[in-house]
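Peer 1: First the structure, then my questions, so here it is.
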Amino acid sequence: MAAIQTILTFHSIGPLDRQAEDDEMHYNVSTELFREWIATIARSSPHCIVTFDDGNKSDIEIVLPILKKHGITGKFYPIVNKVGQHGYMTWDDIRTLVEMGMQIGSHGLDHVAWTDCSQDQLLVELQQSRETLVRELNTQIICAAAPFGAISPRVFHAAMKAGYKKLYTSSSRSSFTGSSLVPRYSVQSHMTPADYFGYQTKLGCRVRSSLKNFAQNVRYSVGYSK
């Protein structure tokens, strides 16, 4: 039986030691506030799923120890062509995440909006990033997170045909387990756990947003065949 799931996505944690990209600091969460988020989730909402986009160095240096302390499994979506660059994780870092029981998915090759890509570019972003992750990590890669949350039926169909089972967005909704198109709430730098858990976790809100996401899944899946 499908249950309602709520997924949060974080980006960089703590001070950046590289040049921030456009609007990136809007989603940069301090280390202290991140600790508060994870402690609150562990205490009050253990079924809340946490994900991490971009593959920042903070994922291995700050995030992993805090998740392990609280027994939480995270899902990480690195930008493949950023791996090993200054301020980002190395392949060895990501292998450590896998060894520690964390889950890895694709955030594409170059952090471009997939809705803006030509069909050929889109296939390269989806297929080559997945193939590289599989080769480097020797693990299954079945999930992708759309950069900027930019999705469309074309992007969804391309992701499914590229071998992914789930496409994560930034639609600020809850969803039913088993959904292929999966929304997430993006945690912004100013947000506290009280801001989120005071409203978004209310049952009525979660049911309404899950139903909206279910309808979107149906719309996006029309015409798709394996």
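Peer 1: Within the stretch 153-178, restricting attention to residues that are of a type in the set (S, T, Y) and surrounded by 15 or more Cβ atoms within 10 Å (Cβ to Cβ), which residue is farthest from F214 (Cα to Cα)? Give the derivation first.
Peer 2: Going through the stretch 153-178, the residues of a type in the set (S, T, Y) turn out to be 164, 168-172, 174-175, 177.
Keeping just the survivors that are surrounded by 15 or more Cβ atoms within 10 Å (Cβ to Cβ) gives 164, 168-171, 174-175.
Numbers: Y164: 18, Y168: 14, T169: 14, S170: 15, S171: 12, S174: 10, S175: 7 Å.
Selected residue: Y164.
Peer 1: Still on this structure, please answer the following. For the stretch 104-126, what are the residues that are open to solvent by less than 50 Å² (accessible area, probe 1.4 Å), in a helix (DSSP H, G or I) and of a type in the set (A, V, I, L, M, F, W, C)?
Peer 2: Hits for the stretch 104-126 are W114, L122, L126.
Peer 1: Any chance you could count how many residues in the stretch 80-103 are surrounded by fewer than 22 Cβ atoms within 10 Å (Cβ to Cβ), closer than 24 Å to T6 by Cα, touching a strand residue (DSSP E or B) at 6+ places or on another chain (Cβ under 9 Å) and not polar (S, T, N, Q)?
Peer 2: 2
Peer 1: Mind listing whichever residues of the stretch 118-170 are acidic (D, E), over 18 Å from the mean Cα position of the chain (by Cα) and under 23 Å from L97 (Cα atoms)?
Peer 2: E131, E136
Peer 1: Oh, and also: Got a sec? Which of V187, V222 is modelled with pLDDT of 95 or more and among the β-branched types (V, I, T)?
Peer 2: Among V187, V222, only V187 is modelled with pLDDT of 95 or more and among the β-branched types (V, I, T).
Peer 1: Any idea which residue in the stretch 20-43 is nearest to Y185 (Cα to Cα), counting only those that are loosely packed, with under 12 Cβ neighbours inside 10 Å and at pLDDT 85 or above?
Peer 2: Among those that are loosely packed, with under 12 Cβ neighbours inside 10 Å and at pLDDT 85 or above, it is D23.
Peer 1: Can you report the number of residues in the stretch 138-147 which are in a helix (DSSP H, G or I) and surrounded by fewer than 16 Cβ atoms within 10 Å (Cβ to Cβ)?
Peer 2: Within the stretch 138-147, the first condition is being in a helix (DSSP H, G or I), and the residues that meet it are 147.
Imposing the further condition that a residue be surrounded by fewer than 16 Cβ atoms within 10 Å (Cβ to Cβ) reduces the set to none.
Residues meeting the conditions: 0.
Peer 1: Could you say which residue among A158, A146 is in contact with a strand residue (DSSP E or B) (Cβ under 8 Å, 6 or more places away or on another chain) and either aliphatic (A, V, I, L, M) or within 16 Å of H107 (Cβ to Cβ) (or both)? Explain how you work it out, then say what you get.
Peer 2: Working: A158 fails: in contact with a strand residue (DSSP E or B) (Cβ under 8 Å, 6 or more places away or on another chain).
Result of the check over A158, A146: A146.
The values are calculated or read from the model by the stated rules, or taken from the named source; none is laboratory data. Computed from a predicted model, the values in this text were never measured in an experiment. All Cβ positions, even for glycine, are placed from backbone atoms using ideal geometry, and neighbour counts span all protein chains on display. Surface accessibility is based on the protein's heavy atoms, side chains included, excluding ligands, DNA and RNA. Shrake-Rupley method; radii C 1.70, N 1.55, O 1.52, S 1.80 Å.
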